[in-house]
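Engineer: Structure provided below as structure tokens; questions to follow.
The values are calculated or read from the model by the stated rules, or taken from the named source; none is laboratory data. For clarity, every value in this text was computed on a predicted model and none was experimentally measured. All Cβ positions, even for glycine, are placed from backbone atoms using ideal geometry, and neighbour counts span all protein chains on display.
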Amino acid sequence: MREWTRDERYRVLQSADEVRDLFERIRKSPYRQTYHIQPVTGLSSDPNGFACYNGVWHLFYQWCPWGAVHGLKYWYHVSSPDLISWKNEGVGLAPDCIYDNKGTHSGSAIAEGDDLYFFYTGNHRDENWVRTPYTCAAVLGKDGKPVKLEKPLFGPRDDYSEHQRDPKVVWNEEKKKYYIFIGAQTLDKRGTVLIYESEELLKGWKFSGQLNVPGFEQFGGMWECPCIQRISGKDVLIFSPQYTRLPGRGESTNHNVYLVGQMDYDTLTFTPDSDYRYLDYGFDFYAAQLAANVNDPDKAIIVSWIGLPDNHYPTEEEDWEGSMILPRELRLRDGKLIQTPISGIETLREAEISPEGTLPDACEVQAVCPGGDFDLNLFTKEDGTGGFTIHYNEAEKKMTVNRKGMNKRFNTNVFEELDVPLENGLKSLRIFIDRSSVELFINDGEETFTSHIYPEENEHHYTVSTGTEMHIWPLKASVKDDFVI
Ligand code: FRU
């Protein structure tokens, strides 16, 4: 693993030419994705500023240009007409003013009237490396680039720790106000959310108070990337609690969970209907964000980072890392989120191939399970050994996914095997494979499991339980990997 000095990590990008060679080098990697958003160079992490505006989907990702390292963060901009084909738009927000001198950190977007507004964290550090997080705003300009406001909307509160970031902006029709939810940490290091309110987007913000979530007063040490949205008459609160271990999540201290309940803006209380649930059971899933301006009361669109903070991935050696999940549609059923791949993704299918063959680099796999115990081993060697194994145990109603058998093992100290409880049993799997990721949709989206995976040349076979109805479609590329800075 390469050691980076602070100066190297926080170097400001002066000209696109400084990363052109890096781009040329990494684009030859066998692990470059074909239908998933990935960093143009360096590292991509959280999705930011996700919204539909004038019929175009805008998405940004936290971007560090220099390599697979969490250093100076930009917002890198991609856009799409349909959430399937994406093109690179170049730098969206750059850390180029005093308020964000050490990074334009995560945030959200909202389209209102004729404008698309962005809210982000200006990560300021002084010469002693003391951090001051500012909540800042920008508006999409006529040239398609966000234009920053000169001054932040507000600074941090000193009755919370330095961890105050990731503004999620929402409109509340009842109160006729905008609210900003900020991920935060109390002075005694408990994770929470701070709420601000205003009648106007670019001014008048005042602190409303700390969000109360009964039963969740001691749940992790920081709630990163909070997000709230109404779906089918319920409020869904999503956040990424850190600095804590949670049941069934190995040694990981970074998680992404959700609560379904009711948000009361008078008392600033989110009352959950039931306990928290994992948004995704996979090894690599974090900082999920819902798109703004979807305007369907029963549906939301979600994206997340395929990756976890503090973890290391094999493409670090190639000086890049990270990817976004395939956007998913979210619906509520019996108090649970159901996640399905973005509709229209079938248009990427090429002709179905014989299930006896090998696994193409980029493909969709469907398996209708015959009932009882079940095994599907992906990316095995030709003799069926090794691979990314999926085992379902009917007696325990539990699926176990293990990536230990792959040639390239990584994050072995965090987890290599995880379980997914399936109280309704296992009926079907819909799987999206790209060159360095795999996403499982279990029982039409009852649960999902997302993982990075780095198969080598001799790892493109699979084995499956007899009696399984299998379909495999190679998928066409839909994300342009071109050099736009
Ligand atoms: C989550 C996070 C955010 C922060 C951003 C910085 O992964 O730590 O809280 O804004 O990443 O890149």
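Engineer: If a residue must be in a strand (DSSP E or B) and within 13 Å of the ligand (Cβ to nearest atom), how many such residues does region 56-71 contain?
Structural biologist: Counting residues in region 56-71 that are in a strand (DSSP E or B) and within 13 Å of the ligand (Cβ to nearest atom) gives 5.
Engineer: Of everything in region 116-137, what is farther than 13 Å from Asn48 by Cβ, buried (at least 22 other Cβ atoms within 10 Å of the Cβ) and of a type in the set (Val, Ile, Thr)? Give them in sequence order.
Structural biologist: Thr135
Engineer: Only one of these conditions is not met by Ser232: (1) away from the ligand (no atom under 16 Å from the Cβ); (2) touching a Leu at 6+ places or on another chain (Cβ under 6 Å); (3) on the phi < 0 side of the Ramachandran plot; (4) polar (S, T, N, Q). Which number is it?
Structural biologist: Answer for Ser232: the failing condition is (3).
Engineer: Being among the hydroxyl-bearing types (Ser, Thr, Tyr) and either free of Cβ contacts under 8 Å to residues at least 24 places away in the same chain or within 15 Å of the ligand (Cβ to nearest atom) (or both) is the filter here; which residues of region 82-133 pass it?
Structural biologist: Listed by number, the residues that qualify are Tyr99, Thr104, Ser106, Ser108, Tyr120, Thr121, Thr132.
Engineer: Look at region 155-185 and say how many of its residues are part of a strand (DSSP E or B) and within 16 Å of the ligand (Cβ to nearest atom).
Structural biologist: Here the count works out to 16.
Engineer: Next question, about the same structure. Residues that are within 16 Å of the ligand (Cβ to nearest atom), at pLDDT 95 or above and of a type in the set (Val, Ile, Thr): find the strands (runs of 3 or more DSSP E) completely inside region 259-368 holding 1 or more of those.
Structural biologist: 300-305
Engineer: Can you tell me which residue in region 239-282 is farthest from the chain's Cα centre (by Cα), limited to those that are acidic (Asp, Glu) and over 19 Å from Leu418 (Cα atoms)?
Structural biologist: Asp266
Engineer: If you don't mind, there's one more thing I want to ask. Which residues, taken from region 233-258, are within 24 Å of Val401 (Cα to Cα), of a type outside the set (Ser, Thr, Tyr) and in a loop (DSSP other than H, G, I, E, B)?
Structural biologist: Arg245, Leu246, Pro247, Gly248, Arg249, Gly250, Glu251, His255, Asn256
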